[in-house]
Amino acid sequence: MKRLKEALEAGEFTITAECGPPKGTDIAEMLEHARHLLGKINAINVTDNQSAVVRIGSLPVCRLLSEMGHDPIFQLTCRDRNRLAIQSDLMGAHILGIKNVLCMTGDHVAAGDHKTAKPVYDLESVQLLQTVAALNGGHDLAGNEMKGATNLYQGAVVTPEANPIEPQMLKFEKKVKAGANFFQTQAIYDMDNFKRFMDRARKYNVKVLAGILLLKNAGMANFLNKFVPGITVPQELIDRLKAAGKEGALECGMDIAAEQVRIIKEQGIADGAHVMAIGLENKVPEILKRAGIA
Amino acid sequence: MIVSKAKERQDVINMLEGVKSVFLLGCSECATLCGTGSPEALAEMKESLESIGKKVTGTFVAKTGCQVLGTKVELKANKEEVDAADAILVMSCGAGTQSMVEVFKDKKVYPANDTAFLGNMTRFQHFDERCSMCGECIIDKTGGICPVTTCPKGILNGPCGGTNNGFCEVSPDIECAWAKIYARMERTGELEKMRQIIPPKDYSKKLSPKVFVIEKKKEEK
Ligand code: SF4
Ligand code: SF4
């Protein structure tokens, strides 16, 4: 498998998946899931205290997955670090052989399991992208010269179903200007809406991977609609999951995810897909197989 | 104005453990508007403390409690009452409380209120935080709406993915600052400006403690 950057630059349909480090030091299951994905995906995101819940740091896990043979994508949020810590982590990522970084502002601590924490947000996603660009150019954010630059492939996120969409597109444009090479989108389900988004995104010289989130059952779909801004699961898909019954729901969800990946690939809608299975990473190879991706 | 909230009464009582007599000081500015340092608030506090056996030696509402010298002069008339008290309980913001600390070097001074934020009174006794005094105002670039303060993440360059039909992912009670900024800049014809990337903030401007001296204008020759 080509690495993320090579695959995207070669114009191949690129697949990424996700690894969520656990809370606690028992990483056997996490490594097992990651092993399942070896050779099946181009790169693997490692989340950074996702949903503001404390877990093992993204960076050490990136290194472990890199040793395993993966091309990790270091997710980096601005919630837990100021600009000093961010820059030292970015240089640290470089010397550990990490090639990709996904720049995010990060979920607010109010969403997580340490609600009394002080959120940092010294920088935010656009400024974080500029920071990576500066370090790649051999200077830190204060303009000081570095002894050896970083060489990180910069990614960012975008929410195609955000409402309102216009301010989101303006921010997308800023992220491109700030140095983003690739985007991974929030989960998309409405293909027509996604095509409209891509028509606009295509005007910029960046690669876009469509976010595909595995629906485990109708309850999860309803939860997403109700509580997760920027995700809309159409009623038609919810009905399909319901009809599949308790036993068949997951299979049905995998079919839906596979169909989405297949459509995006066959119709050339985006440059790849980012498949999120949240704890069911072992199902990703099967989804890819059903999508017609070996 | 400076928004202050009265502490739980029990917390005030705990604070005054061992204190037999107190002098109560309010403030006629913000704390009066917030109802935490008004003549009525002082009268209520006096009654409440007396009911548990404390002696209230006197009460006074300062004109502007954060004005150290002015308050010192005003309080001269109450000298005996203050002298007779074991402690001064200040019913204003934290600045007013510390004016008293400065004026009465050897007297115990305690805060009756929690000082919350710089607020706009948008309805009667309803306060909204619009400015967090960052030291370098940037709202010329954001349609006059402050994202430093009104976006919980202080994002300077546009909405996060959690923007939700005009509301914020952090709480359904908060409007998304960036949805508002976009809508306003669209109305004022400033969207082009919104395309510019705003650089990281200079937090050295916000380092505490700060001092500011207004320089006297030089006399013209
Ligand atoms: S940018 Fe916001 S916090 Fe800073 S001075 Fe202006 S209004 Fe106040
Ligand atoms: S939803 Fe809007 S106000 Fe809330 S954190 Fe995101 S950008 Fe800020």
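The values are calculated or read from the model by the stated rules, or taken from the named source; none is laboratory data. Because the structure is predicted, anything quoted here is derived from the model rather than measured. Note that we place each Cβ from the backbone using ideal geometry, even for glycine, and neighbour counts take in every protein chain shown. Areas reflect the complete protein model, heavy atoms only, side chains present, ligands, DNA and RNA absent. Shrake-Rupley method; radii C 1.70, N 1.55, O 1.52, S 1.80 Å.
Summary of computed values
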read-out: Helix A:125-136 vs. chain A, principal-axis angle (Cα, 0 to 90°, nearest 10); value: 50 degrees
read-out: Accessible area buried between chains A and B, both sides summed, probe 1.4 Å, in Å² to nearest 100; value: 2400 Å²
read-out: Inter-label distance, nm, simple model (7 Å from Cα along the C-beta direction), A:Ser51/A:Asp190; value: 2.4 nm
read-out: Residue-wise HN-Hα coupling along the stretch B:158-175, computed from phi with Karplus coefficients 6.51, -1.76, 1.60 (Hz; x: Gly, Pro); value: x, x, 7, x, x, 4, 9, 6, x, 10, 9, 5, 6, 7, x, 8, 9, 7
read-out: Theoretical FRET efficiency, 1/(1+(r/R0)^6), r = Cβ-Cβ of B:Ala183 and A:Lys2, R0 45 Å, to 0.05; value: 0.55
read-out: Reach of B:Lys5 by Cα under 17 Å, taken over aspartates and glutamates that are not fewer than 8 positions away in the same chain; value: B:Glu29, B:Glu40, B:Glu44, B:Asp114, B:Asp128, B:Glu129
read-out: Considering only the protein assembly as shown, percent of DSSP beta bridges that pair antiparallel, nearest 5; value: 20 percent
read-out: HN-Hα J in Hz across the stretch A:81-96 - Karplus 6.51, -1.76, 1.60, θ = phi - 60°, x for Gly and Pro; value: 9, 8, 5, 5, 5, 4, 5, 5, 5, 5, 5, x, 4, 4, 5, 8
read-out: Mean-position separation - Cα centroids, the stretch A:44-74 and the stretch B:22-47, in angstrom; value: 55 Å
read-out: Full-stretch length increase - B:Ser204, B:Ser51 - with 0.36 nm per residue and alpha-carbon distance subtracted; value: 50.2 nm
read-out: Span from the the stretch A:163-196 Cα centroid across to the the stretch A:208-281 one, whole angstrom; value: 19 Å
read-out: Amide H partners (placed H, <5 Å) of B:Ala62, local residues excluded; value: B:Gly26, B:Cys27, B:Ser28
read-out: For A:His36, net neighbour charge (Lys/Arg +1, Asp/Glu -1) across residues whose Cβ lies under 15 Å away; value: -1
read-out: The stretch B:147-161 and the stretch B:165-221: distance between their alpha carbon centers, rounded to Å; value: 10 Å
read-out: Alpha-carbon radius of gyration plus Dmax, which is the widest Cα pair, for chain B in Å; value: 22.1, 66
read-out: Residues of the stretch B:123-153 buried by at least 50 Å² on assembly (accessible area, 1.4 Å probe, chain alone as reference); value: B:Lys153
read-out: Trypsin sites (Lys or Arg not before Pro) lying in DSSP loop within the stretch A:1-86, provided at most 13 other Cβ fall within 10 Å; value: A:Lys23
read-out: Average accessible area per residue (Å²) across the stretch B:134-206 - probe 1.4 Å, nucleic acids and ligands excluded; value: 47 Å²
read-out: Loop-located trypsin sites (Lys or Arg not before Pro) in the stretch B:74-107, at most 14 other Cβ atoms within 10 Å (DSSP); value: B:Lys105
read-out: Cross-link pairs B:Lys54/B:Lys105; A:Lys5/B:Lys153; A:Lys23/A:Lys99; A:Lys99/B:Lys206; B:Lys63/B:Lys141; A:Lys40/A:Lys242 - those with Cα-Cα distance over 27 Å; value: A:Lys5/B:Lys153; A:Lys99/B:Lys206; B:Lys63/B:Lys141; A:Lys40/A:Lys242
read-out: B:Lys5 versus B:Glu102: modelled label distance in nm, points set 7 Å from Cα along the beta carbon direction; value: 2.8 nm
read-out: As computed over the stretch A:58-107, the Cα convex hull volume per residue (Å³); value: 65 Å³
read-out: Three-way shape call for the protein assembly as shown based on the alpha-carbon gyration tensor, with the a/c threshold at 1.5; value: prolate
read-out: Exposure ranking of A:Met220, A:Met169 by accessible area [1.4 Å probe, largest first]; value: A:Met220, A:Met169
read-out: Surface share of carbon and sulfur [accessible, 1.4 angstrom probe, percent] for the stretch A:174-285; value: 49 percent
read-out: Mean separation of Cα contacts under 8 Å (6+ apart) over length of the stretch B:61-217, as relative contact order %; value: 14 percent
read-out: Whole-number percent relative contact order across chain A, with pairs defined as alpha carbons under 8 Å at least 6 apart; value: 18 percent
read-out: For chain A, alpha-carbon Rg relative to the globular expectation (2.2 N^0.38 Å, N residues); value: 0.97
read-out: Cα-based convex hull, the stretch A:143-216, per residue volume (Å³, whole number); value: 124 Å³
read-out: Rounded to 5, percent antiparallel among DSSP beta bridges of the stretch B:2-116; value: 15 percent
read-out: Geometric extent, Cα atoms of the stretch A:189-294 - Rg, Dmax (angstrom); value: 13.8, 44
read-out: Exercise: per-residue mean of other protein chain Cβ atoms within 10 Å, B:203-213; value: 0
read-out: Longest site-free stretch - chain B; sites: GluC sites (Glu not before Pro), DSSP loop, at most 12 other Cβ within 10 Å; value: B:18-135
read-out: Förster-model FRET efficiency, 56 Å R0, B:Ala43 and B:Glu215, C-beta, rounded to 0.05; value: 0.85
read-out: Those lysines that a straight Cα-Cα span of less than 21 Å connects to B:Lys210, excepting residues fewer than 8 apart in one chain; value: B:Lys201
read-out: Label point distance in nm, B:Leu118-A:Met68, each placed 7 Å from Cα along Cα→Cβ; value: 5.0 nm
